[in-house]
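The values are calculated or read from the model by the stated rules, or taken from the named source; none is laboratory data. These numbers come from a predicted model, not from an experiment. Neighbour counts are summed over all protein chains in view; Cβ atoms, including those assigned to glycine, are modelled from backbone coordinates with ideal geometry. Note: areas computed on protein heavy atoms with side chains; ligands, DNA, RNA excluded. Shrake-Rupley method; radii C 1.70, N 1.55, O 1.52, S 1.80 Å.
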Amino acid sequence: QEAFMENYFTSQRDNIFRNVEVLIYVFDVESSELEKDMHYYQTCLEAILQNSPQAKIFCLIHKMDLVQEDQREAIFREREEDLKRLSRPLECTCFRTSIWDETLYKACPNSYTYL
């Protein structure tokens, strides 16, 4: 999968990221490879900045139901802060999501209104 991602970002970059209206990037909150996840996100942002700087960016912090309830807010806020900082000069909107409650369904209409 890593080779696919690298190839995707190098050989297809201009075609994929040209005329993008909305980027929805999904982060697994339990990922053991956060550094790599952030690297791929930054690579997407660089391509968006070059090819579609007007695009709206949404980040879904997914599988929040797997985080202990008393830690969810703090973990989400920390990730949101990191993503907003990494996204500059672009802006991103973050949502906490799970397939087990309504959060995923609430996040999607917010991003679809830009399409």
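Structure summary
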| item | result |
| --- | --- |
| Two-site FRET efficiency, residue 51 against residue 6, from Cβ-Cβ distance with R₀ of 25 Å, rounded to 0.05 | 0.85 |
| Carbon/sulfur fraction of accessible area - region 15-57, other protein chains in place, 1.4 Å, % | 44 percent |
| Within region 16-50, GluC sites (Glu not before Pro) in DSSP loop having at most 13 other beta-carbon neighbours inside 10 Å | 21, 30, 33 |
| Cα long-axis angle, helix 103-112 against the chain (0 to 90 degrees, to the nearest 10) | 30 degrees |
| On Cα atoms only, tilt of 34-51 relative to the major axis of the chain in degrees | 40 degrees |
| Calculated from backbone phi, Karplus (6.51, -1.76, 1.60) coupling profile of region 52-64 in Hz, x at Gly/Pro | 8, x, 8, 4, 8, 10, 10, 10, 9, 8, 9, 6, 4 |
| Helix axis angle, 2-11 relative to the chain longest principal axis, alpha carbon, degrees | 40 degrees |
| Max mean-square fluctuation residue, GNM over the chain, Cα-Cα springs under 10 Å, options 99, 75, 24 | 99 |
| Debye, to nearest 20: dipole size of the chain, +1 on Lys, Arg Cβ, -1 on Asp, Glu Cβ | 500 debye |
| Label-to-label distance, nm, for residues given as residue 37 and residue 15 (7 Å Cα→Cβ offset) | 2.9 nm |
| Whichever aspartates and glutamates have a C-alpha closer than 12 Å to that of residue 84, once near sequence neighbours (fewer than 8 apart) are set aside | none |
| Viscosity 1.567 mPa s, 4 °C: Kirkwood-radius Stokes-Einstein D of the chain over Cα pairs, µm²/s | 87 µm²/s |
| Å² per residue, accessible surface of the chain at 1.4 Å | 64 Å² |
